Amino acid sequence: MATQQARTLGRLMLSPTIILLFVWMIVPLAMTIYFSALNYNLLNPGMENFAGLDNYYYFLTDPAFLAAFRNTLVLVGSVLAITVVFGILIALLLDQPILGRNVVRLMVIGPFFIMPTVSALVWKNLLMHPVSGLFAWIATSLGLEPIDWFAEAPMFAIILIVSWQWLPFATLILLTALQSLDAEQREAAEMDGARSLSTFLYITLPHLARPITVVILIETIFLLSVFADIFVTTGGGPGLQTTNIAFLIYSQALMHYDVGTASAGGLVAVVVANILAFFLVRIVGRNLEA
Amino acid sequence: MGSITLQDVRKAFGPHVVIPGANLQIEDGSFVVFVGASGCGKTTLLRMIAGLEDVTSGRIMIDGANVVDVPPARRGLSMVFQSYALYPHMSVRGNIAFGLKMAGLPRPEIDRKVDAAAAILNLTSYLDRKPRELSGGQRQRVAIGRAIVREPKAFLFDEPLSNLDAALRVQMRQEVTRLQRQLKTTAIYVTHDQVEAMTMADRIVVLNAGSIEQYGTPLELYERPANLFVAGFIGSPRMNMIERETEQHRGAATIGVRPEHMTVSRDGDGWSGTVRAAEHLGSDTFLYVDTPEIGSITVRCVGELGLGEGDSVRLRPDPTRIHRFDKSGTAIR
Amino acid sequence: MARRVAVAHTVTATVAAWIVGFVIFFPILWMAITSFKTELEAFNTPPSFLLFQWTTENYATVQERSNYLHHAPNSIIIAGGSTLVAMVIAIPAAWSMAFVPSRRTRDILLWILSTKMMPAVGVLVPIYLIFRDLALLDSRIGLLCILCLSNLPIVVWMLFTYFKEIPKDILEASRMDGATIGRELVYVLTPMAVPGIASTILLNVILAWNEAFWTLNLSTSEAAPLTVFIASYSSPEGLFWAKLSAASTLAIAPILVLGWFTQRQLVRGLTFGAVK
């Protein structure tokens with residue numbers, strides 16, 4: 001509570017942010033909704049006409065959409081599973097008494113700061129190249145046939161790259177959460193005769209439940225729109241094998257110039273993201289009370 | 001100079017009324033304590049005087065001028081916060097000097113005043129330290145130093161001693177009182193601790209649910225409580241309230257007898273009862289007595305009487321120190 | 001006995017952690033090493049790890065051929081500029097919500113958060129068309145605005161969580177000490193909030209520097225920052241691995257260093273205070 005003078009000033013100082021974000025959210029969204037109801041192709045300017053829900057029909061029944069939808073699910077699901085499971089394991093490891101912990105921490109967190117175009121290209125060329133890549137050399141040295149990653153398992157290759165980028169995020173958050181776990185609680189469990197596995201299952205894991213949820217929600221929001229990695233490595237191919245919804249919308253809009261269909265697709269993406277956002281906002285909101 | 005007058009001061013957050021209307025006259029140089037349970041509105045009242053909280057209606061006069069629309073910075077008051085609220089990035093000197101700097105005083109004068117304040121509070125050797133390098137008691141002193149150095153019209157204290165340990169609290173209590181007497185500056189002091197209120201105040205304001213129940217000197221409050229609330233709030237252990245009709249009532253709905261105003265004997269006349277529990281403090285004995293006539297009664301006796309659990313006793317109230325209250329709880333005089 | 005177990009535990013954990021750390025960091029290290037090889041050596045199998053003729057010629061070539069010094073300033077202007085503008089807008093807003101909260105503050109905060117949840121692809125088409133019509137395509141000012149808006153929610157939230165931790169009492173004390181609201185912001189709030197403001201700036205610079213959706217879609221050459229510059233190596237030029245590595249190292253080095261400084265604040269910023 002405060003005085004009227006401070007309240008007025010407060011409102012004045014808050015308004016630019018609110019107005020800007022409101023415009024930033026509403027104007028493009030309204031335009032997307034409007035375009036999604038039009039037949040509108042940038043190659044045929046002036047030919048726009050009302051299309052009703054046709055664009056949605058085309059977008060949702062297009063086999064490319066189904067493929068992209070499936071790819072998106074596979075990509076998001078796999079990266080989540082990999083980063084959360086390994087994130088927990090690495091966080092538990094880093095929570096142990098380690099010599100040079102800070103250096104290890106820096107190495108683990110490194111990939112997060114690499115711009116996606118760089119990491120995608122470095123992995124594609126230096127590591128995953130079927131002839132001269134480091135992985136090919138390792139495979140040959142072990143007497144195995146080198147894998148042509150982007151031809152034989154393009155989706156797996158993308159999953160690997162994106163997981164590498166997001167593993168630090170999961171690890172860092174889970175490690176922070178682990179370090180806030182009350183040592184006394186763990187010691188009490190040990191006094192109660194709990195083995196390390198049961199301590200982990202009954203004390204540590206429940207404590208991590210909320211940070212894990214936060215990791216999942218935030219990663220999902222970013223992973224739904226993975227774009228740069230696909231853009232510079234596979235370009236969505238071969239065929240549609242690595243096309244996700246974000247890339248599909250991009251190619252509809254800026255490669256086929258089909259504004260109407262791309263807008264309908266964009267709205268589908270917005271709806272999906274908002275369902276997730278709903279849960280995230282609730283978690284953060286609950287935290288705000290405390 | 002620093003007389004403060006509240007006229008029908010009201011405070012409401014939306015439909016929720018916190019202070020229904022307070023009237024109070026605080027004389028220049030006096031030490032007034034606002035006391036009450038938590039949530040009774042004492043801090044809100046203080047913050048309204050400070051200007052940190054808006055007044056819904058009514059007037060607050062400082063030296064005869066209405067300050068309701070004056071921002072806190074220009075009311076000429078200073079405040080000591082419960083959390084001390086020291087500026088963590090400034091040294092002790094910087095903390096004490098801040099108000100003077102804001103007032104635009106020349107540097108030599110600031111230094112002189114800060115040094116003088118530090119000397120009074122034994123802070124001279126700590127002037128270059130940061131607050132985090134000080135103990136709780138020292139931080140408290142810095143907060144007080146910050147308040148006195150500006151020579152304000154009045155000091156406002158918001159439960160300033162509640163974060164200190166018991167021994168230090170007694171010591172600071174005396175220091176604050178001594179300082180205030182020395183400076184002769186009006187002080188308003190908020191606390192929930194009635195011992196602080198009784199020992200420090202010239203006059204006490206007892207607050208309950210936002211209303212002023214009584215305004216008077218500590219002894220007035222003890223000897224002539226205006227109503228049941230004040231009677232129950234001031235004094236420890238609490239006054240015994242007897243509602244069942246006895247020959248002492250003489251038309252009152254309730255009578256009150258303080259535990260220290262009863263005599264106890266093993267036999268004779270008076271209310272008969274059985275000791276349920278006895279606390280032996282050496283200097284005093286507290287007896288908790290169950291009586292069939294008037295219910296459970298607390299008695300405080302000086303010294304050791306050799307009474308224990310299960311003993312039968314007789315209780316006789318001092319007839320001159322019985323408080324009588326009517327049905328609405330107001331004292332009958 | 002217990003002591004020996006503890007030592008063994010530390011040794012095992014240390015070895016395991018260093019192996020894990022090294023594996024995760026290896027691609028970055030490998031890239032940096034490759035950037036000092038000749039093109040021929042970069043392609044060699046078996047690859048040489050440290051015993052090769054170290055050369056810095058790639059760095060010179062990268063500058064000559066793809067004009068690193070044209071794109072790096074773009075990155076600096078776009079990331080730095082969008083951060084600055086965002087701070088100017090967000091500091092007052094965060095101050096207001098942290099110190100003069102109203103009944104709606106909570107809802108406003110959550111709404112601000114939800115604007116960050118909107119996927120960029122959802123509004124790609126209209127933004128692209130607006131940019132085309134306003135001649136903002138491939139302009140630094142356009143990218144600066146977009147990145148500023150898209151990161152504004154995170155900036156407001158981070159600042160809010162930092163300001164929230166500054167005790168209100170201290171600001172009120174300064175008011176009682178005669179400071180006006182302006183002086184209170186300058187002398188009391190800002191010095192206390194410097195660590196929070198600094199880490200907010202750093203995190204936002206990192207996010208803007210690495211942003212690769214809007215920059216790839218809205219710029220091509222003139223205004224293109226390093227993300228786009230690197231993406232150009234996905235075409236046949238990508239065959240020049242040593243040069244790709246040199247360009248990449250140049251593109252990430254400054255931000256990697258900044259990132260290491262902010263890693264502790266990162267968690268708070270990226271989880272909107274849900275994990276501290």
Span-rule helices in chain A, defined as complete DSSP H runs reaching 18 Å or more along the axis (Cα) with Kyte mean at least 0.5
A:4-36, A:63-94, A:154-179, A:205-223, A:259-289
Under a 10 Å cutoff between Cα atoms, tell me which one of C:Leu159, C:Leu134, C:Leu244 has the largest fluctuation in the Gaussian network model of chain C.
C:Leu134
Quick one: Kirkwood hydrodynamic radius for chain B, alpha-carbon pairs, angstrom, one decimal?
22.3 Å
If amide hydrogens are placed 1.01 Å from N in the peptide plane, which non-local residues have theirs closer than 5 Å to the one on B:Asp284?
B:Gly303
Which residues does a label at B:Arg107 reach in the stretch B:113-127, if reach means a backbone N under 17 Å from a point 7 Å past the Cα toward the Cβ?
B:113-115
Net lengthening on full extension, A:His256/A:Leu12 (0.36 nm per residue, minus Cα-Cα):
83.3 nm
If one takes the longest principal axis of the Cα atoms in chain C, at what angle in degrees, from 0 to 90 and to the nearest 10, does the Cα axis of helix C:241-270 lie?
30 degrees
Nearest 10 degrees, 0 to 90: helix C:57-66 Cα axis against chain C principal axis
70 degrees
Which one of A:Asn55, A:Tyr202, A:Ala139 is farthest out on the positive end of the charge dipole of chain A, using unit charges on Cβ (Lys, Arg +1; Asp, Glu -1) and the Cα centre as origin?
A:Tyr202
Which shape class applies to the stretch C:1-89: rounded if a/c is under 1.5, otherwise prolate when a/b exceeds b/c and oblate if not, where a ≥ b ≥ c are the square roots of the Cα gyration tensor eigenvalues?
oblate
How much of the DSSP beta bridge set in chain B is antiparallel, as a percent to the nearest 5?
75 percent
As a test of the definition: which semi-axes, in Å, follow for the stretch A:1-118 when you take the square root of five times each eigenvalue of its alpha carbon gyration tensor? Largest first, please.
42, 33, 14
So if each residue of separation counts as 0.36 nm, and I subtract the Cα-Cα distance between B:Asp193 and B:Glu279, what length gain in nm does that give?
28.7 nm
Among the DSSP beta bridges whose two residues both lie in the protein assembly as shown, what percent are antiparallel, rounded to the nearest 5?
75 percent
Apply the a/c threshold of 1.5 to the C-alpha gyration tensor of chain C and tell me whether it is rounded, prolate or oblate.
oblate
Kirkwood Rh over alpha-carbon pairs of the stretch C:122-249, then Stokes-Einstein at 37 °C and 0.692 mPa s: what D in µm² s⁻¹, rounded to an integer?
184 µm²/s
Across B:Lys153/B:Lys184; B:Lys101/B:Lys153; B:Lys130/C:Lys168; B:Lys153/C:Lys168, pairs whose alpha-carbon gap is larger than 22 Å
B:Lys153/C:Lys168
Dipole magnitude of the stretch B:81-146 about its Cα centre, charges +1 at Lys/Arg Cβ and -1 at Asp/Glu Cβ only, in debye to the nearest 20?
120 debye
Whole-Hz Karplus ³J(HN,Hα) for the stretch C:117-128, in order, using 6.51 cos²θ - 1.76 cosθ + 1.60 and θ = phi - 60°, x for Gly and Pro?
6, 5, x, 4, 4, x, 10, 4, 4, x, 5, 4
Qualifying aspartates and glutamates (Cα of each under 19 Å from Cα of C:Lys116; at least 8 residues distant if same chain):
A:Glu219, C:Asp107, C:Glu211
Interface size between chain C and chain A, please: total buried accessible area, 1.4 Å probe, rounded to the nearest 100 Å².
9000 Å²
Quick one: Cα convex hull volume of chain A, Å³ per residue?
210 Å³
Hydrodynamic radius by Kirkwood for the protein assembly as shown, inverse mean 1/r across distinct Cα pairs, in Å, is 33.0 Å
Under the Karplus relation with 6.51, -1.76 and 1.60 and θ = phi - 60°, whole-Hz ³J(HN,Hα) for the stretch A:124-132, x at Gly and Pro, equal 4, 8, 5, 9, 9, 4, x, 10, 9
Give the carbon-plus-sulfur fraction of the accessible surface of the protein assembly as shown in %, rounded to a whole number; probe 1.4 Å, heavy atoms of protein chains only.
61 percent
For the stretch B:207-293, which GluC sites (Glu not before Pro) are in a loop by DSSP, counting at most 10 other Cβ atoms within 10 Å?
B:Glu247
Note the buried accessible area between C and B here, summed over both chains, with a 1.4 Å probe, in Å² to the nearest 100.
1700 Å²
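The values are calculated or read from the model by the stated rules, or taken from the named source; none is laboratory data. Because the structure is predicted, anything quoted here is derived from the model rather than measured. All Cβ positions, glycine included, derive from the backbone under ideal geometry; neighbour counts span all protein chains shown. Only protein heavy atoms, including side chains, enter the accessible area calculation; ligands, DNA and RNA are left aside. Shrake-Rupley method; radii C 1.70, N 1.55, O 1.52, S 1.80 Å.
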